[in-house]
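Shown next, in structure tokens, is the structure this report addresses.
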Amino acid sequence: MSLSIDVRRRIGATQLDVQFTVAAGETVAIVGPNGAGKTSLLRVVAGLISADEGRISWDGMVWDDVSSGEFSPPEQRPLAYVFQDYALIEHLTVGDNVAFGLRARGVRRRRARERAQEVLDVVGGRDLSERMPSSLSGGEAQTVAIARALATEPSVMLFDEPFAALDASARAHARRLFSSMRSPSTARLIVTHDAVEALTLADRIVVVESGSVVQIGTPSEVLATPRSHFVAEILGLNPLSGQLRGDELSLGAMSLTVGAHGVDDGDVIAIVRPRSVSLHRERPEGSPRNVWRTTIDAIDRSDGRVRVRLGAPLPIAVEVTPAGFDALATEPDGDVWASVKASEIVVQPA
Amino acid sequence: MRPFASFLLAGVVLAGCGAGSQSGGQPVVFAASSLVDVLSELSAEEGTPFLNVTLSFASSASLAAQIIDDAPVDVFISADQAQIMRLRRAGFSDTQPQVVARNSLVIAVEAGNPLGLAKLRDLSRRDVLVALAAPGVPLGEYSRGMLSATNVEVTPVTFEADARGVLAKVALGEVDAGIVYATDAASASNVDSVVIPEAEAVNVEYVALDLTGVSGAGQVLIEFLKSDAGRSALAGRGFLLP
Amino acid sequence: MSRQQRHDARVPIALAVLGWLAVAFFAVPILALVIRVPWSSLSGVITDDATTEALTLSVFTSVITTVLAIVLGVPLAWLLARSNIPGRRFIRALCTLSMVLPPVVAGVALLASLGRRGVVGEILDDWFGVRLPFTMPAVVIAQLFVAMPFLVLTVESGFARSAGTVEEAARTLGASPWYVFTRVTLPATQPAIVAGAVLTWARALGEFGATITFAGNFPGTTRTLPITTYLALESDIDDALLISMVMVVISVVILVALRGRWVGAIGGVR
């Protein structure tokens, strides 16, 4: 079973032209800069807007076929959509919100409420059912939105920037929930402008820029052979291949300690953002567990930033403020100490 | 469209004239609505004391109420004797009220009189829709009095607030007949009058009260109405003479 | 008011002055009415059959008008706010024109269309023997014609505001468009509907010009309270004042009973 997407549609100044499939059990992330047409693509797949040309089908059933005129409205498609603003129904309790899809499909009230409570339990929202949406925090609202989407047991799940509005801790919790929700019979499509999120959560990535697909592949493939500006930006994020055992990440010439991750031991890709690395003249005291001595291979000053390329043992890009860099008072080829906090390293299975 | 236009126009004129009056300078006359055509005509004519007089037309009761509220007025011409009495009792004038004109009641019917109504008794027919003025307004009282004096039972479909309302219903064809003043029916287009002998027993009088006291600006106007020139103007519009 | 309350709710002086001026503008005439009313005669007027008959008729017709206004006005508001029909601006102007017309003119328009010789009225009379003028339904029609625009405008604004992702979410969850309308849109728009209904009812209760022109005035059938008041002005001002007070009291009771629930909704604040 798979979701087959072939969409062409004009949206404002952008011409959306996208073809790919999502298999049951698979999670595909659509990434790209804002304005690339990602949300519009999701809305076309949902049936909230129609395609100008093309065809969308799931498991052989046609959802939208422009040439033959067939069109199945959203309520008849076995899907669920988690909106960026959660779109909870304000005058219903959380329990009734989660039960809404079931009630709309004719399930009897008591059975619907029972099922809603079951789903809330699974996502960790057991105590929320009598609350009103306006009283929920961002993280709670998002949990409810996901529970509501799960309650109808959809074949296809669509997520529009689901974690964008959350603070760091809520985001970590939400990502774990998302990963645990994977099911072999459900295809999941997630739209995000955050490349790291895509790399961490998806089986395959579709990179969209200005309405067109620039690249499709697994995270490693996309990183290995980048074909777009956007992906090149991702590369500026220092993706590193290594092996993970417990909380130790070995990267060939050296090892780093990583924070809580939930990833199994084995081959992984780790992201070290350039701005999360600190440079010091002397070996620093204090907390960071990851400290190493290295050299500066290249310096690039532009746009008011200083990008530094470090040498062995870990050749990564580091970004510091001009003032911070001048304080180091080093020569090119001079020694410098680098440190990065364990919690700032993101790992995902390769 | 003519009946609509004339009705609209009448409404606008009435609404515009309902406001208060000026003080000082021009004399001010408050007069019952039926006198609107004849007095307006006089106020535009050279050689009459009515030239450029400020005129205000409304129902006799609301004019009296305005006078009681100290509106500056020189002459009040009322279709309802009771309003005159009210003002005299309240001390607004101790001069003698004078009858300046009379009117008669007629049956107003659609132009052409399609139902062929000829007698007052015809208004009792079941197939005839009748509009009367409401009890409490002078025309309504006169109409009711005439009907009961002649033992004619009429159940109207509507009691209108004034003569204009009755005429409008007749002119628009919404009712078949109405009882109005002869002068009103004469000045309305699309409406024919049926004269009835029973109306002779009804004495509709317009009584003028001079509110200026002894000085006499009001008396001059009243004298003019009683003069040959005034009477001829009134007769020209269908009024009967005192 | 505590010091804290005084300082927390600081109102700019200009707003306070103008605001209180506006309050006085409304309050003084009502107070003057209350003062001038000959209260000792109140019981006579209230128990008078003519008054109770007119009062019952007014309340009865205005309530029916409000119900009809909701039944017809909500769908119209929906069309104006959410559909793609071309010429919506024109349709909106057409449907709210009667708000701008002098009521008597509205009455004349109703006679021209539904009167005995009216464009539609003539057909109703010749084919079905139905005559509308001078009947109680005519009172409702006159009230509805002038009062429904209030509901349409208020609810249209409510529908426009409530459009968004929540309704889309409901559809993606499997709800048909009608289910979305009844379970999501209407509850969300309820404050606007209530506000519109109250405005409509108030306008219908006080309606005079169109009513007397189209429906006429006959005790028990078409003589509403405003008509009674107007006619009473001709003969007995005291009666008019007393009857007016009856209307004022009824209106105050209703408005106070609804309190803040609808006033805020007109402006969109919950």
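The values are calculated or read from the model by the stated rules, or taken from the named source; none is laboratory data. All of these numbers come straight from a predicted model, not from anything done at the bench. Glycine also receives a Cβ, built like all others from the backbone with ideal geometry; neighbour counts cover every protein chain displayed.
What to note about this one:
The rows are residues; the columns are (1) under 15 Å from the mean Cα position of the chain (by Cα); (2) not assigned by TED's automatic domain parsing to the domain that holds B:T54.
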{"residue": "B:A177", "(1), (2)": "no, yes"}
{"residue": "B:A182", "(1), (2)": "yes, yes"}
{"residue": "B:S189", "(1), (2)": "no, yes"}
{"residue": "B:P197", "(1), (2)": "no, yes"}
{"residue": "B:F224", "(1), (2)": "no, no"}
{"residue": "B:A229", "(1), (2)": "no, no"}
{"residue": "B:S232", "(1), (2)": "no, no"}
{"residue": "B:L241", "(1), (2)": "yes, yes"}
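- Test: residue in segment A:17-27 that is touching an Asp or Glu at 6+ places or on another chain (Cβ under 7 Å), assigned to a loop (DSSP other than H, G, I, E, B) and within 14 Å of chain C (Cβ to nearest Cβ): no
- For segment A:288-312, the set of residues classified as closer than 13 Å to A:M254 by Cβ and in contact (Cβ under 8 Å) with a residue 40 or more places away in the chain consists of A:R289, A:N290, A:V291, A:W292, A:R293, A:T294, A:A312, listed by residue number.
- Qualifying residue in segment A:327-336 (condition: surrounded by 12 or more Cβ atoms within 10 Å (Cβ to Cβ), assigned to a helix (DSSP H, G or I) and out of contact with any helix residue (DSSP H, G or I) (no Cβ under 7 Å at 6 or more places or on another chain)): yes
- Among (1) in contact with a Ser or Thr (Cβ under 7 Å, 6 or more places away or on another chain); (2) at pLDDT 90 or above - the single one C:A210 does not satisfy: (1)
- A:E153 being among the acidic types (D, E) and surrounded by fewer than 19 Cβ atoms within 10 Å (Cβ to Cβ): yes
- Within the option set C:I70, C:I91, being β-branched (V, I, T), modelled with pLDDT of 90 or more, under 16 Å from the mean Cα position of the chain (by Cα) and surrounded by 11 or more Cβ atoms within 10 Å (Cβ to Cβ) holds for one residue only, C:I70.
- With respect to being closer than 30 Å to A:V207 by Cβ, without any contact (Cβ under 8 Å) to a residue 60 or more places away in the chain and out of contact with any helix residue (DSSP H, G or I) (no Cβ under 7 Å at 6 or more places or on another chain), A:P315 fits the description.
- Selection count, segment A:130-171, where residues are in a helix (DSSP H, G or I), aliphatic (A, V, I, L, M) and away from every other protein chain (no Cβ under 14 Å): 2
- Test: residue in segment B:125-134 that is part of a strand (DSSP E or B) and either more than 19 Å from B:E174 (Cβ to Cβ) or among the small types (G, A, S) (or both): yes
- Count of residues meeting criterion [assigned to a helix (DSSP H, G or I) and out of contact with any Gly (no Cβ under 8 Å at 6 or more places or on another chain)] in segment C:85-104: 13
- Filter pass, C:G216 being in a loop (DSSP other than H, G, I, E, B) and more than 24 Å from C:I250 (Cβ to Cβ): no
Residue-by-condition table, conditions (1) buried (at least 19 other Cβ atoms within 10 Å of the Cβ); (2) away from chain B (no Cβ under 14 Å):
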{"residue": "C:A160", "(1), (2)": "no, yes"}
{"residue": "C:R171", "(1), (2)": "yes, yes"}
{"residue": "C:W178", "(1), (2)": "no, yes"}
{"residue": "C:L186", "(1), (2)": "no, yes"}
{"residue": "C:I212", "(1), (2)": "yes, no"}
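- Per-region count, segment A:1-15, residues crowded, with 16+ Cβ neighbours inside 10 Å, without any contact (Cβ under 8 Å) to a residue 60 or more places away in the chain and either of a type in the set (A, V, I, L, M, F, W, C) or not in a strand (DSSP E or B) (or both): 2
- For A:W292: the one exception among (1) among the aromatic types (F, W, Y); (2) modelled with pLDDT of 85 or more; (3) under 28 Å from A:L3 (Cα atoms): (3)
- Restricting segment A:69-115 to residues that are among the small types (G, A, S) and over 26 Å from the mean Cα position of the chain (by Cα), the residue that is nearest to the other protein chains (Cβ to nearest Cβ) is A:A104.
- The criterion of at least 3 residues that are surrounded by fewer than 24 Cβ atoms within 10 Å (Cβ to Cβ) and either touching a strand residue (DSSP E or B) at 6+ places or on another chain (Cβ under 9 Å) or of a type in the set (A, V, I, L, M, F, W, C) (or both) is met by the following helices (runs of 4 or more DSSP H) wholly inside segment B:152-231: B:217-226.
- Residue among B:L63, B:L120, B:L87 that alone is surrounded by 15 or more Cβ atoms within 10 Å (Cβ to Cβ), of a type in the set (A, V, I, L, M) and assigned by TED's automatic domain parsing to the domain that holds B:L139: B:L120
- Criterion: in contact (Cβ under 8 Å) with a residue 12 or more places away in the chain and within 12 Å of chain A (Cβ to nearest Cβ) - qualifying residue of C:V194, C:V166: C:V166
- Hits in segment C:223-233 (condition: facing another protein chain (nearest Cβ under 7 Å) and surrounded by 24 or more Cβ atoms within 10 Å (Cβ to Cβ)): C:L231
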